[in-house]
1. Pick from segment 233-254 the residues that are among the β-branched types (Val, Ile, Thr) and part of a loop (DSSP other than H, G, I, E, B): which of them is surrounded by the most Cβ atoms within 10 Å (Cβ to Cβ)?
2. Go through the residues of segment 75-97 one by one and say whether even a single one is at pLDDT below 90, buried (at least 17 other Cβ atoms within 10 Å of the Cβ) and over 30 Å from Val324 (Cβ atoms).
3. Show the residue pairs that are 6+ apart or on different chains and have beta-carbon atoms under 8 Å apart, the first residue being within segment 275-294 and under 17 Å from Ser322 (Cα atoms), the second being basic (Lys, Arg) and not in a loop (DSSP other than H, G, I, E, B).
4. Let me confirm something: among Ile402, Ile432, which residue is hydrophobic (A, V, I, L, M, F, W, C) and within 30 Å of Asp281 (Cβ to Cβ)?
5. Is it the case that Thr409 is at pLDDT below 90 and among the β-branched types (Val, Ile, Thr)?
6. With the structure loaded, tell me whether Arg276 is surrounded by 16 or more Cβ atoms within 10 Å (Cβ to Cβ) and modelled with pLDDT of 75 or more or whether it fails that test.
7. For a quick check of your reading of the model, give me the residue pairs whose first member lies in segment 341-366 and is assigned to a helix (DSSP H, G or I), whose second is modelled with pLDDT of 85 or more and of a type in the set (Gly, Ala, Ser), with beta-carbon atoms closer than 7 Å and at least 6 apart or on different chains.
Amino acid sequence: MPGEAAEDQGIGENAQRDETADGHNLNTHRVHCAQCVFTNEMCPAKLECPIVCCPKQCNSAMHQCKVSEHLAELCPLERVACINANYGCPVVLLRRDRGVHLSQCPASVLQCNMERVRQLLPLTQRLYLTGTSPSGCRSDQLDLCLAFSDQRRWAQKCRQPEVDNGLLVYNEEEGEKSLSPDNVLSPVSQECILCKQDPGSQHLHIVGAMTACDGPISPAPTEKSSALPEPFYIKHGLQVSLTTEFQASHRPKTSNCVTVRCGQLLRREQYNDHVRICHADVANSMEWMLARCPMYLQGCDATFTRVLPGNGRLLYSEWLDSLVLRYDCDVPPAPMDGQVRTLTDLPAEVLQLILAQLDSASMLALSSVNRQLRGMTRRRLIDHGIVEYRWTRRSDESVGWIPAGLRWTFAKSFEPVQQWMVRPTSELCDHIRTCPYLNPVVHEERMPVLTFALPLNR
């Protein structure tokens, strides 16, 4: 019995010694895995952690214990999800191609923040046009179509309730806005130490922000605007100016102007062309692109396009509320037998080839025709579409928004215009000679011209 006890004790000591050695080797292995960053650092023979190459053949060598970490974090040949996978992009690609993919990612959506500033008609003229409904206009009259679009946005904005700020509070009893008392600090005065100690001194910020008048101060009253607007505005029911103005964002806007933001959602690859064409070349150069008769305020609707895209015409789509490009093509006449063939009669392969040549705005309009075309255009969403979150308010009492799913759609952009064509202005000159609204001044008697050049004896 004593011999068996001694033998059992020896076996237990050996097992404990082996566990201690294994634990020591395991701790050494962990320390090695946490610090092995050089390929020339060899592991002890007992650890069995040799240097291997990447299984994806990316020409990287590492210790075997780092293979899984290399594939998960570093390997450029490993197929991973897009950076915007949490925002709806379903693309799986090589890690080295993720940076290039961002410019074409459907979830990399940008919003255009370009603004258009238009002057409002005087209040008396707007009251005169209150009951007048806006008249229709041709889709090629871009200035008038954009003016109607800005007027609709301005009217929609006026119907929305305004958010109270620091200086204006809503008086429920009087139903109008009034200045808040002196103890209510404005957003600018909230950062001022003097205003925090003495709220009554916040008027100094308002005085300091006032701009000086450049012209001389005259007590003479200014002329009041005419009670009736021009015949052009009466005819079309337009309450904003036809032309746009450019004002710097840091300058305060006057009370009689309307600022409309574009707000279109675009893919990252489409943003540059949208700003260059729709805003720089068209909206800000409308007077140069579209020539109107000088008597347009009297009611003449004659317009002449001076600048055209080299491959089509720019039109305004009221359904898209955006500019579109219509290509120049000869449409054959319909057959006499009455059998008109449509796009749905074409094979699916041919239809896919046609869709590959269309821009985003064309596919957005085509997807609203019927279910068959909508299903065909759905396959092009990753290449030409955008995806965004749809948000809904929380159902509980807490304030906030929660995502309610993803929404796929096409952007309202068209193919970039690479070349512009300038047309001659002879049509406008020929029209002025026969314009029915032209009322030239005819002098029946001879009028002296350049009287300073006449002899003194006369």
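1. It comes out as Thr244.
2. no
3. Ala283/Arg116
4. Ile432
5. Taking the combined requirement at face value, the residue does not satisfy it.
6. So Arg276 does not fit the description; no.
7. Qualifying pairs under 7 Å: Ser360/Ala411; Ser360/Ser413; Ala361/Ser322; Ala361/Ser413.
Yes/no matrix, rows are residues, columns are (1) farther than 26 Å from Arg407 by Cα; (2) at pLDDT 85 or above; (3) of a type outside the set (A, V, I, L, M, F, W, C):
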position: Asp328; (1), (2), (3): yes, no, yes
position: Pro335; (1), (2), (3): yes, no, yes
position: Thr342; (1), (2), (3): yes, no, yes
position: Gln352; (1), (2), (3): no, yes, yes
position: Ala356; (1), (2), (3): no, yes, no
position: Ala361; (1), (2), (3): no, yes, no
position: Leu366; (1), (2), (3): no, yes, no
position: Gly375; (1), (2), (3): no, yes, yes
position: His384; (1), (2), (3): no, yes, yes
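The values are calculated or read from the model by the stated rules, or taken from the named source; none is laboratory data. Since we're looking at a predicted model, the values are computed, not measured. Glycine also receives a Cβ, built like all others from the backbone with ideal geometry; neighbour counts cover every protein chain displayed.
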